[in-house]
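The values are calculated or read from the model by the stated rules, or taken from the named source; none is laboratory data. What you see is a predicted model; the values in this text were computed from it and never measured. Positions of Cβ are generated from backbone atoms using ideal geometry, with glycine treated the same way; all protein chains shown enter the neighbour counts.
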């Protein structure tokens, strides 16, 4: 019954989306702005229905209802409850339903809370949102029904062991909230083009929505990177895998958009470009979610999917992306060109920031998609990985870092080089000091890590400069947000450079009571014991670790898990975090009875990578709070009032 | 295989019990050579897994490749020669570092065009001097 | 005019990209890594004898003017058992088949051959995958055809199926 109720709710939600689209089209096309009053309830009902459908799917997973095909294929009654629930979105159909649920919720949020946007633009925006939703409802209902029944199954097939991790519960929903949240920017852009309203007011209305989605994307990518780092057992934190690139591409576009929308809001410049980026950011999100999942791009995480589904998705993406770009080409010509700007100004720095972010995006896109294009065209197979991405994007990232340092210290409109130099002086000193210290003490390290560390020192100091000599209590929250996000970039870059420059790695075979050095530590193997797990057999190494030359020993327990169904082994690394790095120990396969293979890593300051990511996201949260607080203060957010009352003639 | 490399491989095989010397899983004694070997392993794609380098895979064939790479580096081969040897067996696909040749030029040209186009677009919007 | 061309450029690019995706979807990635050694002389390799009374195999064995098949397999490989009847059929038709057992050990190998038949003239053990890498082979089972001059002329990836038998016999110069 629950499954049928869910399916019915999904159908009704699709009908509501259609209604929302028709209402919006009528309101904007026929100038029937009075229809706006009906829009909010329709949006809310749609969001409610799709959420109910998603709740139904969670319920059938929680109850392990094996008469539902999706549950039988992906779950198991003996799994812990958290994995039963997280398993709801650990598969294709469920993740699609989560996707449209977030889409529905974000539409309702816009309908309820967006007060700054001109009413016709808002209606067009909601209509665009409905158009997107409708396509994906159709995909769910006709090609990926999550509620399909099956009979005769007593026990489920289980979930991939690698996915049985708390990470699954949080990582995909966060990332999806970011991906789908970008649909707001896309719909805003379409609404603005349809109603010819590309203005600073429009930019100010759109900015919080972009910020919100961008925060989720940042958190999602950071969490995903750490998840891969601790589960894969090889100590890597970024593999330039298509799935990872698919999440990086929308983030790059969204980060560029976040900065260009500020230029539009403050200086009325970059009108067409901001619209373009809005379309691009969500297009990248859709490409990210679907092309990878549909098996067109292969990756660690890809799985077979029937070509009809892939074709359906491809058609949807083509309609939305090409449609929006055609609208852009046809309409943006009528948008007046924005203000020009001076070469030495805050807006120029933001424009160059956009240029570099976009070129990095093009590099990631080329590296990810070109092998596919080449194979489709000529049949030749090539691989593009870290060596290409690091060589092509690394230098650009360094230039970007300098802009992060200098940009916020430049004045709007026009500034003087000498004034900037004065404001940058402490930061440049810090950079010079870092360079001297590294030259004196670091030994031989690569050029890119060296420059990365120097850039991190410069930006670390420069990012704090906007707060210099200011009353910290009175500095606006969004200034704090910018400062902390930029500081996060410096922190993250420092972590990446330290990991690249100072990592200590040792792969050894150890006998019992043998001691091996790794970085500043000594690791002694006390023994290896068997430890049965719920659905795997585990070997656990008992390691005693202490600082070289003395110190209290402590215990670390890496495990090797052998799953029988499907046959695979996974490494459970033992990780210990210190203020200056992480000790990462892995018990390897195989032994001759006496010796055990061990992989030992000392990763100085590696945690800064994710700490930086958290700071960047925190900066976003502060900026968002700052904007919302200002809106509430300015009384722009009387959410009790009905939207219809706000119709302006 | 160069004669010197072959000799070294034979010497390694004879020197000690196979396990303790299994270079698939155990670092080379010389840290500079080990760093070279690891850098190469990071950029050689595991042929039985999806999208993982041989340095980060539990597949046995990936272990075989790690062993081969460490042996050749220990015998004094240059990393790029070892890469070329693997490419001659499995094709360009096996290397995460794309070979520069006409078919791979777009990887560099497309970003370069984007950069130049972007600079051109920006230059149209910049106002030089006082305005 | 200039601006108009510029504004339509993203649209054109995206349509082209989706065209490529469409082609990509029509020919889904087969994930097969073909050996680059086809058409080249046999690489240097040696795989030591493991079965009593059956010699091992090495590159020096292939200069006698006779075309042969080299089957790369393993006792732990489930599909390898499935192609055993076809190998037996090829052998019965006169094919010379040599085997290279990858990551294997004498005991399970003997058990595997007792269960599935032993169509091999020679069997060599390749415990560290050296011969496999020398052939540019990416998995088991794979079958290479070597001509009389010691050149690899064909690589078959995956199970030899009944429909492949005439083609393989043809490559070996055996009239059915």
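Looking at residue B:124 and the list (1) outside any helix (DSSP H, G or I); (2) at pLDDT below 90, which single condition is not satisfied?
So residue B:124 meets the others, but not (1).
Could you please find all residues in region C:125-169 being touching a helix residue (DSSP H, G or I) at 6+ places or on another chain (Cβ under 7 Å), part of a strand (DSSP E or B) and away from chain B (no Cβ under 13 Å)?
Hits for region C:125-169 are C:145, C:146, C:153, C:154, C:156.
All but one of (1) buried (at least 22 other Cβ atoms within 10 Å of the Cβ); (2) at pLDDT below 90; (3) farther than 20 Å from residue A:84 by Cβ hold for residue A:164, so report the exception by its number.
Result: residue A:164 fails condition (3) only.
Quick check: anything in region A:342-362 more than 13 Å from chain B (Cβ to nearest Cβ) and in contact (Cβ under 8 Å) with a residue 12 or more places away in the chain?
So far as region A:342-362 goes, yes, one or more of its residues are more than 13 Å from chain B (Cβ to nearest Cβ) and in contact (Cβ under 8 Å) with a residue 12 or more places away in the chain.
For region A:513-531, give me each residue that is loosely packed, with under 15 Cβ neighbours inside 10 Å and part of a strand (DSSP E or B).
Those that are loosely packed, with under 15 Cβ neighbours inside 10 Å and part of a strand (DSSP E or B): A:515, A:517, A:526, A:527, A:529, A:530, A:531.
Please count how many residues of region A:387-396 are within 9 Å of chain B (Cβ to nearest Cβ) and touching a residue at least 12 places away in the same chain (Cβ under 8 Å).
Number satisfying all stated conditions: 4.
Only one residue in A:18, A:10 is buried (at least 21 other Cβ atoms within 10 Å of the Cβ), under 33 Å from the mean Cα position of the chain (by Cα) and within 19 Å of residue A:105 (Cα to Cα). Which one?
A:10
Which numbered condition in (1) under 22 Å from residue A:362 (Cβ atoms); (2) part of a helix (DSSP H, G or I); (3) in contact (Cβ under 8 Å) with a residue 60 or more places away in the chain; (4) out of contact with any helix residue (DSSP H, G or I) (no Cβ under 6 Å at 6 or more places or on another chain) is the only one that residue A:244 fails?
Every listed condition holds for residue A:244 apart from (3).
Considering only residues that are more than 8 Å from every other protein chain (Cβ to nearest Cβ) and within 15 Å of residue B:110 (Cβ to Cβ), look in region A:363-386 and name the one that is surrounded by the fewest Cβ atoms within 10 Å (Cβ to Cβ).
Going through the qualifying residues, I end up with A:365.
Only one of C:89, C:36 is closer than 21 Å to residue C:158 by Cβ, within 13 Å of chain A (Cβ to nearest Cβ) and in contact (Cβ under 8 Å) with a residue 24 or more places away in the chain; which?
C:36
Tell me, please, whether a residue that is surrounded by 13 or more Cβ atoms within 10 Å (Cβ to Cβ) and at pLDDT 90 or above can be found in region C:23-36.
Checked against the condition, which is being surrounded by 13 or more Cβ atoms within 10 Å (Cβ to Cβ) and at pLDDT 90 or above, region C:23-36 yields at least one hit.
Can you name the helices (runs of 4 or more DSSP H) wholly within region A:1-76 that have at least 2 residues being free of Cβ contacts under 8 Å to residues at least 60 places away in the same chain?
Ranges flagged: A:2-29, A:36-62.
Would you mind finding the one in B:102, B:53, B:98 that is under 30 Å from residue A:355 (Cα atoms), within 10 Å of chain A (Cβ to nearest Cβ) and either surrounded by fewer than 22 Cβ atoms within 10 Å (Cβ to Cβ) or touching a helix residue (DSSP H, G or I) at 6+ places or on another chain (Cβ under 7 Å) (or both)?
B:98
Can you tell me which of (1) surrounded by fewer than 22 Cβ atoms within 10 Å (Cβ to Cβ); (2) at pLDDT below 85; (3) closer than 19 Å to residue C:22 by Cβ is the one residue A:310 doesn't meet?
(1)
State the number of residues belonging to region A:212-234 that are outside any helix (DSSP H, G or I) and in contact with a helix residue (DSSP H, G or I) (Cβ under 7 Å, 6 or more places away or on another chain).
1
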